[in-house]
Structure formats: C-alpha cells, structure tokens
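> The following block contains the structure, expressed as structure tokens.
The values are calculated or read from the model by the stated rules, or taken from the named source; none is laboratory data. Fair warning: this is a prediction, and the values are worked out from it, not measured in the lab. In this analysis, Cβ positions are derived from the backbone assuming ideal geometry, glycine residues included, and neighbour counts consider all displayed protein chains.
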Protein chains: 2
Amino acid sequence: MAAQTNLSQSNPGRIHQALTSYQLAMALKGAIDLDLFTHVAAGATSVASIAALCNASEKGVRVLCDYLTVHGFLTKSGGAYGLAPDTAALLDKNSPAYMGSVAQFFTHPAMMKKYRDVAALVRNGGAIDHTLAPNDPIWVEFARYMAPMFAVPASITAPRVTIPGVPAKVLDVAAGHGLFGIHVALHNPVAEITFQDWDNVLDVACDNAVKMGITGRFNTIPGSAFEVDLGNGYDVALLPNFLHHFDSLTNVKLLEKVRAALKPGGLAAVIEFVPNEDRVSPPDGALFAMRMLGTTPSGDAYTFAEIDDMLRSAGFCQSESSSLAPAHQTLILARNK
Amino acid sequence: MAAQTNLSQSNPGRIHQALTSYQLAMALKGAIDLDLFTHVAAGATSVASIAALCNASEKGVRVLCDYLTVHGFLTKSGGAYGLAPDTAALLDKNSPAYMGSVAQFFTHPAMMKKYRDVAALVRNGGAIDHTLAPNDPIWVEFARYMAPMFAVPASITAPRVTIPGVPAKVLDVAAGHGLFGIHVALHNPVAEITFQDWDNVLDVACDNAVKMGITGRFNTIPGSAFEVDLGNGYDVALLPNFLHHFDSLTNVKLLEKVRAALKPGGLAAVIEFVPNEDRVSPPDGALFAMRMLGTTPSGDAYTFAEIDDMLRSAGFCQSESSSLAPAHQTLILARNK
C-alpha cells in the first residue's frame, strides 16, 4: 500500500503543463497573429465562422480555441466560443486598450533564446548574452511593441507628478516608447518633456509624441543615460522601468546624476515591478526577477526598501510608494533635498 | 468614469504571464538540470546552502527559487524553501517516481521549434515540419527521456490486460521505451512480449527490458507498424500513445492490421490522452490536441467516442474505457470478434 500512497501523490500533470508552457506563449501569440480574439468579439463564435475569418483550417481553429479555453482566455458553451473579460478588453483590436503587439516582444526569438539554459543563468547569477549594449535594436522593438502595456501606468502616474497649468520641465530617462513623458504632457498642457534614450529608440518616442499631439513641447537627448549631459533645472525626472536593469551601486550613481539635474525639491519618479519583502508576492512583481536574470548581467526586481535605500544613498529624501493598479507596477516618488 | 471602468477590467498580468510562460518551462528545466529539488529534499533550504550544492550563484538561486515558489513548485516560509508534494514525489532524484528526464524531451529545441509559428499551424491544420519520418532520432530521445512518465500508467494497465500465470502472447505496437509491454511481462511471468518500433527506438526498449529483468521473454519486429508483418496469434495488442499521431482513416487501417494479428477474442489495449466530449476537459486530455497540432500533420487528441468508432470500423467489438489515474491517461479495451 506504500507504493499506492506514493502513486496518489505523483500527479505529473502540473509538471507536464509547466514544461510545455512555451506552447501557451506561442498559442496565445498565434491567436493574436490571426486576430482570433477580434473575430470572436465581432460575433464569430463557431469553429467554422472563426476559421473563415482567420483564413485558417477548422481543425487548427478548433484545437487552438479549445486550448485557449482550458487556459481561460476563451469561454466555451455548447460549442460556441466567447472572450474572457480581460481578453475582450486587451486582445480585441477594436478595444481602445488593445495590447496584442506586446506578444511580438515577449515571444521575440531573441528574448526566448535567452532562456535556453536557465541553469547557466543561475550558475552565473545573470545573463552573459544581455541586451544592454548601446543601440541594441531589441529596444526599438521594445519601444514599438510594448507601448500599449504602459499606457495605463503612464496615465495614472501623470497626475501624481505634475499639476495642470503649473509649468514643469520634465526629464524622461531611458524614455523608450516615451509614454510616461507623453502622458505628463497630456495631463499638463504647460509641461515640457525631454526624452533621453539611444537615438534609434528616440525615433519611436518622437513618433509617439507627435502622434499623441505634443509637438513643440518636447526635445531629446540621444545617448546613454550614464554618459550624456542630462541638462539641469528639471522639476520632475521620470525613471520608468530602468533601474531593474542594473545593480544597486550602478543605480545609485545614476540617481546621483539625475538628482544633480533636478531643481532643489524636484521630484524623481521611479516606476518598477516591485515585489514585496517576501519576494514571492505579488506575482507580477515577483516573477519579474526572472526576466532580469535572463536578460541583464546584474539587474533585479527590487523591493521598495531596496529602491528607497538607493534613492537615499543618492541624496534624495525618504521616498513614498504607491500602486499603479490596475497596472501591476509601483510608483516610487522621492524629492531632491 | 467609463474609461475608469474599462481600466479596471484591463488586468494585463495574466496575458504577460502567458506570453512569457516559456520562462516557466525553461526555469523548471533549469532547476531539474541543477538537481535543485534533490538538494532541497536533502535538507538544503536556504539560498546559501542550495547555491553551494548547485555550484551556482546565490543571486541566481534566489531568483529561481522565488520564481518556482510563485508557480507552486517550491514553498517559502521565513526565507526557507521546501518542496511542494508533487515536486517531492516526482522531481527529487532520490524518489522512486523521479521523472526529471522528461524535461529533456518536453523542452527539446526540436520540439520547441515546432511552435515558432502557431498561426501557421492553425492555418494549415497541422505541422509541416513533423516528426513521423522513419527513424526520426527524436523518438529515440522520446523513448529515453519519457519512460518515467509512463511507469505509472503501464503498471496500472498490466493487470487489466493479462492474468498472472495464464500464457499470453503480447504485441507492443510502436513500443518506444517498451514500458507497457515490460509491465505486462512483470505482472505475468508467462507473458511473452513482441516489441515493434523503428530499429533505433527498439534499442531503448530492449535495454529497458533487460534492465527490468525480462530477458528471454521478448523479441522484436523492427520497422513501421504500417509496413511490417506484425505476426499473428496474439492474445493482447498494446497501442500506447500511437493513434494520436494519425487521422482516423489511417488509424482504422492500422487497427484492421492489428486485429488480423490478434487471436479471435484477443484484446486491443489503446492508451491515450482522451478529452471529454466538450474537448476542454480534463486539462491534460484537452491540452494534448495542441501537442499533436504542433508535431503531426493530422494527429489529434481523440474522444472516447471517436476511438470507439475507429475500433468498431476496424472490426472490433464495442470498447470500454477506464481511467489510469493518477496518470492522466485513459485505457480503452476492445475485443477482436
């Protein structure tokens, strides 16, 4: 009976599913590529009607839809498929919050390749094949594809760092897509934004800034944040999703440089995925550390205490943390002395 | 306020996690590669002690352990890691049910590559780059690495198809690792097993048969099940995990051939991942269809009704289905008329 007891604990399903979970990543990307969620949102709920609109085989559509139903991205009732609420909000091209393009970055072959050998990453404590070299084209793709993911946290951040009508000189450090600076400018019609990033990435930020209507209120500083002259007299310095790429010491040096560019009393705004002190909650903050282990030599998902410590080591006042829910990011604000 | 409502439904976390879930597959494989679960089982519960035994960096071990904790494969309490029950049973090398080697097959670069473009698979209704060519070396790797996954269903199948002491001539069709035939031979000391598979795969089945002590009670038929002479006069024909590679018509032809090799009243034993009629439950049966879409031109996860229909079309009596729990597979038995 001992063997029997052992067997009953030996449910291998969860392990199989985890080890084949790349199929989930690629199936979800495949559905986005096929505009499957958009077609279902528009009323195609049968295999035949979805297949016709996706220009795909009924067999393939049936397998994909059932697979996505098991994973909760679709519903299925009496043979008719429907969208889960988050799928409807975020993966229907006709939804204003559509973010399907993020699949292009998350499942980019260059990104997936970094996880070929996680044992080696763990032995080494970080990536050897990282993406922090100047003008690495991956960041252009990041800026292009990932922008929709940051519209929500950027729009929530804006009113916490600026007051409409009060002139503000705003530095957007490693601006990427530029959304954090752009949303500040949208919220405050007299804010002026300086986007800093590598020049190939700045093209994307500038495109977005023009498209979103802040022409004439932005300028750029091309180059590495660690090397360029950031200027001075800023009221606000945005640091969105940047500190996680580096170790603490490097971040303190960068924050000292940013502080020197701020006015006295100026505000540093750090946006990060922040795990709790236990480092295993909340999921998005906690899981983010693996993304940094795979893609940076010494980056990490830092706790609030760690970020506060870096800010104070760089000469800032004590910082304050606030959630950017429903986005899974945290805003940390610290004033220059 | 409409925008606010929209935002509150736009929780992107689940979509991010799905699109990066290849990191879960590779992180779990990385932990298996590092024998991390074995070290934790042996009493290493701190980052420092695990890192020392894995010959890895503390940073890397901390990130990996936290990541696996979020996904439920480890526990964490007061900084000490522990094993979840299924991890302890299945991923500790000192457990008799250790199945860590399956990671080598599930995350094999050749397998992962098949899901590069799921939209193309869905358009086509199956794989173009499939693995069903004669002597494809992937099946040697399958037979080597996946055997631990089939010890449980094979040991449960054996007493349902043979009676100890009653002579039985048993054909193991596309035997692979050979475990289904081997377990019949272990259960019934007077059973004789004929393993059929490509000759490179038969080497693995024969190795396993010798290791597991059934020397002198087995022989082999090398070649494709569709082409070779299967012999005749069998009491039992095992068809473990084979029908899912082909379309129904091909399966009916194969089953007719198998039936011709059986004695009158002989038993066909089909082992499969079988979804319910809704095709979205249970998870293991339902998700299996995606594995076939990605790796075969026209294979599928068949429902019981579909398999019963194929068996009857091939001339078998009505079949009976039984669970192989705790394994997630189903045994379908049908008698030759």
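> Do we find a residue being over 30 Å from A:PRO153 (Cα atoms), among the aromatic types (Phe, Trp, Tyr) and more than 7 Å from every other protein chain (Cβ to nearest Cβ) anywhere in the range A:87-106?
No, the range A:87-106 contains no residue that is over 30 Å from A:PRO153 (Cα atoms), among the aromatic types (Phe, Trp, Tyr) and more than 7 Å from every other protein chain (Cβ to nearest Cβ).
> Of everything in the range B:265-290 that's touching a Lys or Arg at 6+ places or on another chain (Cβ under 9 Å) and outside any loop (DSSP other than H, G, I, E, B), which residue is farthest from the other protein chains (Cβ to nearest Cβ)?
Top of the filtered list is B:GLY265.
> Mind checking whether some residue in the range A:303-318 is part of a loop (DSSP other than H, G, I, E, B), more than 10 Å from every other protein chain (Cβ to nearest Cβ) and either under 15 Å from the mean Cα position of the chain (by Cα) or of a type in the set (Phe, Trp, Tyr) (or both)?
no
> While we're looking at this one, here's another question. Among the residues of the range B:295-329, write down those that are hydrophobic (A, V, I, L, M, F, W, C), buried (at least 22 other Cβ atoms within 10 Å of the Cβ) and modelled with pLDDT under 95.
B:ALA327
> Restricting to the range A:324-337, give me the number of residues that are assigned to a strand (DSSP E or B) and over 15 Å from the mean Cα position of the chain (by Cα).
So the count comes out to 5.
> Can you tell me which of (1) touching a Gly at 6+ places or on another chain (Cβ under 8 Å); (2) part of a helix (DSSP H, G or I); (3) free of Cβ contacts under 8 Å to residues at least 60 places away in the same chain is the one B:GLN196 doesn't meet?
Result: B:GLN196 passes all but (2).
> Hey, can you tell me all the residues within the range A:71-125 that are under 17 Å from the mean Cα position of the chain (by Cα), buried (at least 22 other Cβ atoms within 10 Å of the Cβ) and polar (S, T, N, Q)?
Hit for the range A:71-125 is A:THR107, nothing else.
> Same structure again: Condition first: within 11 Å of chain B (Cβ to nearest Cβ), within 28 Å of B:VAL63 (Cα to Cα) and of a type outside the set (S, T, N, Q). Can you find one or more residues in the range A:126-139 that meet it?
yes
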